[in-house]
Amino acid sequence: MALQIGLTASVELVVSADDTAQAFGSGSVPVLATPRLVGLCEEAAVAALDGEIEEGSTSVGRRVQFDHLAPTMVGVPVTAEATLEKISGRRLTFTVSASDPRGLIGAGKVTRVLVDIERFLDNSR
């Protein structure tokens, strides 16, 4: 399978108490935690690759550059989008963004690397 620049996907989340900075230990306020928002953007990047990479392969996170721009309260829906921007060998760079009904709440880049699952797990032991 040949990956193409421009692959895109989006994922959604309604913020719950489990998604807050309080729950993640990353803050003391009941708003969407930055680590959860970054994870949602990574989820969108993975979704963009769904069905596009060879069986026995997957992608793993390598680098995240992200600005969390605005808070989002519990009960508010959030949509994260990822678009494959650059392919450099096995390295894939995505532009990511996240919005709630008020507008943009986060944006950045996520870099993932294609790996052979079996070889990757063997090297992790």
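The values are calculated or read from the model by the stated rules, or taken from the named source; none is laboratory data. No experiment lies behind these values; they were computed from the predicted model shown. We place every Cβ from the backbone using ideal geometry, glycine too, and count neighbours over all the protein chains shown.
Of the set (1) farther than 24 Å from Leu104 by Cβ; (2) not in a loop (DSSP other than H, G, I, E, B), all apply to Leu84 but (1).
Only residues that are of a type outside the set (S, T, N, Q) and part of a strand (DSSP E or B): list them for the stretch 8-21, please.
Within the stretch 8-21, Ala9, Val11, Glu12, Leu13, Val14 qualify.
Yes/no matrix, rows are residues, columns are (1) under 18 Å from Ala107 (Cβ atoms); (2) in a loop (DSSP other than H, G, I, E, B); (3) basic (Lys, Arg):
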| site | (1), (2), (3) |
| --- | --- |
| Ala23 | no, no, no |
| Pro35 | yes, no, no |
| Glu52 | no, yes, no |
| Thr58 | no, no, no |
| Val64 | yes, no, no |
| Pro71 | yes, yes, no |
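Filtered by the rule that a residue be loosely packed, with under 15 Cβ neighbours inside 10 Å and not polar (S, T, N, Q), the stretch 4-22 gives Ile5, Gly6, Glu12, Val14, Ala17, Asp18. With respect to (1) at pLDDT below 95; (2) more than 19 Å from Val115 (Cβ to Cβ); (3) of a type outside the set (Gly, Ala, Ser), the lone exception for Thr83 is condition (1). Within the stretch 63-112, the set of residues being under 26 Å from Ile53 (Cβ atoms) and among the charged types (D, E, K, R) comprises Arg63, Glu81, Glu85, Lys86, Arg90, Arg91, Lys109, Arg112.
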